[in-house]
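**Q** Right, I'll just put the structure down here and ask away after.
The values are calculated or read from the model by the stated rules, or taken from the named source; none is laboratory data. Quantities reported herein were computed from a predicted structural model and do not represent experimental measurements. Glycine also receives a Cβ, built like all others from the backbone with ideal geometry; neighbour counts cover every protein chain displayed.
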Amino acid sequence: MKKAIPLPAKAGETTAGVADGKTEFRIRPGIKWINGRPVRDQKTVRLTDQEAAYDLGLSRISPADQPAPADWPSEAPAGGNGDGGN
């Protein structure tokens, strides 16, 4: 099993990336599937840039080391299937 080693951050920066090439992303409240997999009650997910591209484009995820987008709800909406309309 590979051990995840944090990458050194540049002065004044933080990074959510580690040596495995994946980055931590925050999951938009109410979303149940990311990268074709159920996320259950997870708040974050670790993905490569390629894995994240589609869900980033749909605003289902955002980089965990940045503030949540202002247009995201503060919690999951009542009802619905949490797939962002897809």
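**Q** Name the residues in the range 20-31 that are farther than 13 Å from Trp72 by Cβ and surrounded by fewer than 16 Cβ atoms within 10 Å (Cβ to Cβ), would you?
**A** The answer is Asp20, Gly21.
**Q** Can you list residue pairs whose Cβ atoms sit under 8 Å apart, with the first residue in the range 52-73 being closer than 16 Å to Arg37 by Cβ and the second being of a type in the set (D, E, K, R)? Count only pairs 6 or more apart in sequence or on different chains.
**A** From residues that are closer than 16 Å to Arg37 by Cβ, the pairs are Arg60/Arg28; Ile61/Arg26; Ile61/Arg28; Ile61/Asp55.
**Q** Right, next: Looking at (1) modelled with pLDDT of 75 or more; (2) acidic (Asp, Glu); (3) assigned to a loop (DSSP other than H, G, I, E, B), which one does Glu51 not meet, given that it meets all the others?
**A** Here Glu51 clears every test but (3).
**Q** Out of (1) modelled with pLDDT of 95 or more; (2) exposed (fewer than 11 other Cβ atoms within 10 Å of the Cβ); (3) not polar (S, T, N, Q), the odd one out for Gly85 is which?
**A** (1)
**Q** If you take the residues of the range 38-71 that are touching an Asp or Glu at 6+ places or on another chain (Cβ under 8 Å) and of a type in the set (Gly, Ala, Ser), which of them is farthest from Arg28 (Cα to Cα)?
**A** So, considering only residues that are touching an Asp or Glu at 6+ places or on another chain (Cβ under 8 Å) and of a type in the set (Gly, Ala, Ser), the one farthest from Arg28 (Cα to Cα) is Ala64.
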